[in-house]
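Working notes for the structure below.
The values are calculated or read from the model by the stated rules, or taken from the named source; none is laboratory data. All values derive from a computational prediction rather than experimental measurement. Ideal geometry is used to build each Cβ from the backbone, glycine not excepted, and the neighbour counts take in all protein chains shown.
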Amino acid sequence: MKIHTTGRDFEITDDIQIYIEKRARKLEKLATRPTDLNVTIKHEKNRYAAALNFSTQKKDFYVHVTDYHPTEVLNQAMEKLEAQLRHHKGRSHNQRSRQPQWEAGEQLN
């Protein structure tokens, strides 16, 4: 998986880069066939904004978060992205395990 980081009016330090790579490894475990992760951090007045784009072969996920501290904004964005991936994984798993309606009717009889 490729990881692209961009800082707008903000310098991405080595610590932040390591943190992003560490959290990206967790995302790889949740997603099927991830291709890339784009992380953009902006400094606006006294706030920070993080936008994350996570792409897999079948679906793209997007998260946008604002907060007053850069590491908090990254933490919240990664948690939201993990929640989206878990929700998507659960939905795709549930849809595969569904029975056709006529089979469900036969089991009731």
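What the table below lists for this structure:
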item	result
Flag for residue 29 being charged (D, E, K, R) and under 21 Å from residue 2 (Cβ atoms)	yes
Condition broken by residue 72, with the remaining ones in (1) over 14 Å from the mean Cα position of the chain (by Cα); (2) part of a strand (DSSP E or B) satisfied	(2)
Out of 47, 23, 33, sole residue that is in contact (Cβ under 8 Å) with a residue 12 or more places away in the chain and out of contact with any Ser or Thr (no Cβ under 7 Å at 6 or more places or on another chain)	23
Considering residues of the range 2-35 that are closer than 27 Å to residue 88 by Cα and small (Gly, Ala, Ser) only, the residue modelled with the highest pLDDT	24
Residue 21, sole failed condition from (1) in a strand (DSSP E or B); (2) over 16 Å from residue 64 (Cβ atoms)	(1)
Failed condition for residue 65, given (1) modelled with pLDDT of 95 or more; (2) exposed (fewer than 13 other Cβ atoms within 10 Å of the Cβ)	(2)
Residue identified as in contact with a strand residue (DSSP E or B) (Cβ under 6 Å, 6 or more places away or on another chain) and either exposed (fewer than 13 other Cβ atoms within 10 Å of the Cβ) or among the acidic types (Asp, Glu) (or both) among 25, 33	33
Every pair of residues 6+ apart whose Cβ atoms lie under 6 Å, when the first sits in the range 1-14 and is in contact (Cβ under 8 Å) with a residue 60 or more places away in the chain while the second is loosely packed, with under 14 Cβ neighbours inside 10 Å and aromatic (Phe, Trp, Tyr)	none
